[in-house]
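The values are calculated or read from the model by the stated rules, or taken from the named source; none is laboratory data. Note that the structure is predicted; figures quoted are calculated from it, not measured. Don't worry about glycine lacking a Cβ; one is built from the backbone with ideal geometry, like all the others, and counts go over all protein chains shown. The accessibility values were calculated without ligands, DNA or RNA, using every heavy atom of the protein model including side chains. Shrake-Rupley method; radii C 1.70, N 1.55, O 1.52, S 1.80 Å.
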Amino acid sequence: MKGTILINPYDNHPVQKRKLQRMTEEFSALNIEIEVKANDGFAVYVKNGAIECNLHSDFVLYFDKERITPMLLEKIGVRVFNSARATEICDDKMLTHTVLANEGIPMPDTVAGPLCYNPNAAIGDAYLDKVVEKLGLPVVVKQCHGSFGEQVYLCDTRRQLEKILEEIKSQSYLLQHYEKESRGRDMRVIVIGGKVVCAMVRSNDADFRSNASLGSKCEKTIVPSQIAAMCEKVARIIGLDYCGIDVLLTDPPKLCEVNSNAMFEKIEQVTGFNVARAYVEHIKSCIEKHL
Ligand SMILES: Nc1ncnc2c1ncn2[C@@H]1O[C@H](COP(=O)(O)OP(=O)(O)O)[C@@H](O)[C@H]1O
Ligand SMILES: [Mg+2]
């Protein structure tokens, strides 16, 4: 069995490098040959009107977010982990909420930011009033594409909201009810092959965001059955082989976001669970069973 790991050509993040290292270690432990390639567009592309593929692998493990490569690969029958559609749904936070809406998944009230293609157009007063009326203050603003908490903002006042929206109005974003019960706390749950495998509670006294990269305290936890059922359902609806789900600790718990390429260094340390091995075993079993 042979596979290719495709990585983003510009991502030099040390955590990403160590993740790659852990995955290659575990592939080699199960005698699966792996090549690592930069996803520069030439692995698979359109040539003379047809799909030209330069990979000779039984599967691709996709560590990038770019949409086209996995679509082209799947079109010629290559199994990609995660699938093109699942990666696309998770990469856009508003799309995630849209796909999960009406499926019985509790989530904070969420509104798509209006498209703005005129940088000179101001955020209107009536619009700001409407956001405050419908979602309250403080209110959460998130860019649809973002990670490590870096594109997530908490606006305490209408003035702060206006300022943030002026800054990001040309990109896609969402507005969301602030779940204050869960301030600085959430549960990160890893789901592999449809099953919850491990989880940690992340907490931060100094920030409303509980991302580990922002210095949160991370502790191993048992996953209550209500949260496990929700996470497994989310993974099934989106069609994820692997994911890390952020759950806000409200009553009932609410879905915050789904990471199709979740880092696992911290959760392996905290829980002692071998995430990389479990993912490799899942991939192996899918390829053997042609799933
Ligand atoms: N609606 C919300 N109410 C309260 N806290 C939130 C809300 N949305 C996000 N957070 C906090 O911000 C963190 C980062 O948000 P998240 O949507 O997971 O973005 P990222 O992809 O950057 O991790 C979450 O882990 C959570 O602690
Ligand atoms: Mg998150």
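Students often forget the sequence filter, so: which lysines lie under 17 Å Cα-Cα from Lys217 once same-chain residues fewer than 8 apart are removed?
Lys266
Just read off the accessible area of Cys243 with the full protein assembly in place, 1.4 Å probe, to the nearest 10 Å².
0 Å²
Pop out the ³J(HN,Hα) list for segment 274-281 in order, Karplus 6.51 cos²θ - 1.76 cosθ + 1.60 with θ = phi - 60°, rounded to Hz; leave Gly and Pro as x.
8, 5, 4, 5, 5, 5, 4, 4
What residues have an amide H closer than 5 Å to that of Ala38, excluding those fewer than 5 places away on the same chain, when H is modeled at 1.01 Å from N in the peptide plane?
Amide H neighbours of Ala38, under 5 Å, 5+ apart: Ile7.
Once phi is turned into ³J(HN,Hα) by the Karplus curve 6.51 cos²θ - 1.76 cosθ + 1.60 with θ = phi - 60°, what whole-Hz value does each residue of segment 98-113 show in order, with x for glycine and proline?
5, 5, 8, 5, 6, 10, x, 9, x, 8, x, 4, 9, 10, 6, x
For Arg67, Arg188, give the ranking by accessible area with the largest first, probe 1.4 Å.
Result of the area sort, largest leading: Arg67, Arg188.
If you only keep lysine pairs separated by 8 or more in sequence, or across chains, how many in segment 2-88 come under 17 Å at the Cα atoms?
7
How far apart, in nanometres, would the label points at Glu52 and Ile222 be if each is projected 7 angstrom from Cα along the Cα-to-Cβ direction?
The modelled label-to-label distance comes out at 5.8 nm.
Please give the solvent-accessible surface of Tyr127 in Å², to the nearest 10, using a probe radius of 1.4 Å with every protein chain present.
Using a 1.4 Å probe on the heavy atoms, I get roughly 60 Å².
In nm, to one decimal, how far is the modelled label at Arg236 from the one at Tyr117, with both set 7 Å along Cα→Cβ?
About 4.0 nm separates the two model spin labels.
Calculate one ³J(HN,Hα) per residue across segment 72-85 by plugging θ = phi - 60° into the Karplus curve 6.51 cos²θ - 1.76 cosθ + 1.60, and present them in order as whole Hz with x for glycine and proline.
5, 4, 5, 5, 9, x, 7, 7, 10, 10, 5, 5, 4, 5
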